[in-house]
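As structure tokens, the structure follows; a few thoughts come after it.
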Amino acid sequence: MKRLMAIAALGLAASQASAQQPNRPVSADPYANNADAGKLSFPLAAAAGQDSGAAKTPLAGAVNTGPFNDKTWKYGPNFDPKGGGPSTIWNPAMLKLKQGGKLTGGTVFSATDPETYCAMANAGYDFIWTEMQHNTRDWNSVARMWAACPYAKAVPGVRVAYTDEREIQHALDAGALVIVIPTVDTVEEAVTARNWVFWPPLGRRSAGGGQAFGPAMWGGVPGGYRQTSNDNIVMIVMIETLEGLKNAAGIAKVPGVTAVFAASGDLGNFTGYAPGSPDYERAINIVHDATIAAGKRLCGPLQWRDRADFTCFQAGSETAAIARGVAGELGPLANTQAKVTSGPLAAK
């Protein structure tokens, strides 16, 4: 009897846990909900045990004729926006950039608590720069934070660790709408990043499913998520090194790049010069010139919000925001703690 009660309790707990996770990942498996598996017919399939000749000969009615050629392939309309016509811009961050506004990103550097993330996401920023390059959190914790308040004022964004299919697609499948790519040195690296951010025909993102596709996130956006996300995801590449400066003009011109970030800290790190010095400022101006010439948006730290042509900014971390908020709330009462002279809290 006790064993049965324990099993029942476990079942109830599992049921409750499932009910508390309405935004579970959507599967891309075409057979996931197929009640008639094994009963399908395939009239255009190759005959059993026979070479169909498909590499050289198209099927009747095909758009692509002649021998198969990946270079001349005409992409099909299956993933055009539902209803036809141009994509609806449903990402407020992308819309603000298109409207010429100044975009702000608040940084969630180390928090893994959804409540902290959601407080930042509703504090007034346009997107949240979730830090994955210089932090040790995992993608599960990031996904939980984003799923907790997907329709907050700030859309979910992330600086990934590197230009990698796994890293970028983890971010996108979890729901990121702003992708920041660090330390882009070459045109080839920018193209590689672009390929993993965007669906064909612009890129090479694969359809793996995830919580981004669910109704609690972007599954119900106008036109469909798969059909319209290429026009809604903001991709920001960072120029941080001497090699990146050398190739900045080409990097900025890569199709799919929305904005270029002049990395204020690492350009000092890689040039060896401090902000305000002629050599440092030359590096920033190289990024400026390349970005403006390419017709892309120019990003930098929030301290540069009044610098000419900069319209996209990274603001401080959650800990800095808490400190600023408390200071603003308390005014002259901030940091007026009594000074004890004994005990562990005595001033040293």
In degrees rounded to 10, the 0-90 angle between helix 2-19 Cα long axis and the longest Cα principal axis of the chain is 80
Calc'd 3J(HN,Hα), region 330-337, phi into Karplus 6.51 cos²θ - 1.76 cosθ + 1.60 (θ = phi - 60°), Hz, glycine/Pro = x, comes to 7, x, x, 7, 5, 6, 10, 5
Once phi for every residue in region 238-253 is put through the Karplus expression 6.51 cos²θ - 1.76 cosθ + 1.60 (θ = phi - 60°), the whole-Hz ³J(HN,Hα) values, with Gly and Pro written as x, are 9, 9, 10, 10, 5, 5, x, 4, 4, 9, 4, 4, x, 4, 5, 7
Taking N as the residue count of region 43-99, its alpha carbon Rg divided by 2.2 N^0.38 Å gives 1.85
What helix-only [θ] at 222 nm does the chain give? Using -39500 (n - 2.57) per DSSP H run of at least 4, over all residues, to the nearest 500, the answer is -9500 deg cm²/dmol
Taking 0.36 nm per residue of separation between residue 206 and residue 164 and subtracting their Cα-Cα distance, the length gained on full extension comes to 13.8 nm
Simple spin-label estimate for residue 102/residue 246, 7 Å along Cα→Cβ, in nm, reads 3.5
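Cα-based Rg of region 228-305 per 2.2 N^0.38 Å, rounded to two decimals?
Region 228-305 yields a ratio of 1.09.
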Taking only C-alpha positions in the chain, Rg and Dmax in angstrom work out to 25.0, 91
The Rg/Rh figure for region 164-208, Cα atoms and Kirkwood Rh, to two decimals is 0.94
Where a ≥ b ≥ c are root eigenvalues of the Cα gyration tensor, a/c under 1.5 meaning rounded, otherwise prolate if a/b exceeds b/c and oblate otherwise, region 216-271 counts as prolate
Computed for region 80-214: size of charge dipole around the Cα centre, +1 on C-beta of each Lys and Arg, -1 on C-beta of each Asp and Glu, debye to nearest 20, value 460
Given backbone amide H placed at 1.01 Å from N, residues whose amide H is under 5 Å from that of residue 130, ignoring those fewer than 5 places away on the same chain, are 108, 157, 158, 159
The helix 187-197 Cα axis meets the longest alpha-carbon principal axis of the chain at an angle in degrees, between 0 and 90 and rounded to 10, of 70
Sorted by accessible surface (1.4 Å probe, heavy atoms of the protein chains only), largest first, 266, 231 come out as 231, 266
Note on region 192-338: C-alpha Rg/Rh, Kirkwood Rh, two decimals, gives 1.09
Beyond 24 Å (Cα-Cα) in this structure, taken from 98/253; 246/296; 71/96; 96/246; 96/253, we find 71/96; 96/246
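Quick one: putting +1 on the C-beta of Lys and Arg, -1 on the C-beta of Asp and Glu, what dipole do you get for the chain around its Cα centre, in Debye to the nearest 20?
With Lys and Arg at +1 and Asp and Glu at -1, about 660 debye.
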Helix 165-174 sits off the longest principal axis of the Cα atoms of the chain, rounded to the nearest 10 on a 0 to 90 degree scale, by 80
Note, region 153-160: 3J(HN,Hα) by Karplus (6.51, -1.76, 1.60, θ = phi - 60°), whole Hz, Gly/Pro = x, goes 4, 9, 7, x, x, 7, 9, 6
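The values are calculated or read from the model by the stated rules, or taken from the named source; none is laboratory data. Note that the structure is a prediction, hence the values are computed from the model and not measured. We place every Cβ from the backbone using ideal geometry, glycine too, and count neighbours over all the protein chains shown. Surface accessibility is based on the protein's heavy atoms, side chains included, excluding ligands, DNA and RNA. Shrake-Rupley method; radii C 1.70, N 1.55, O 1.52, S 1.80 Å.
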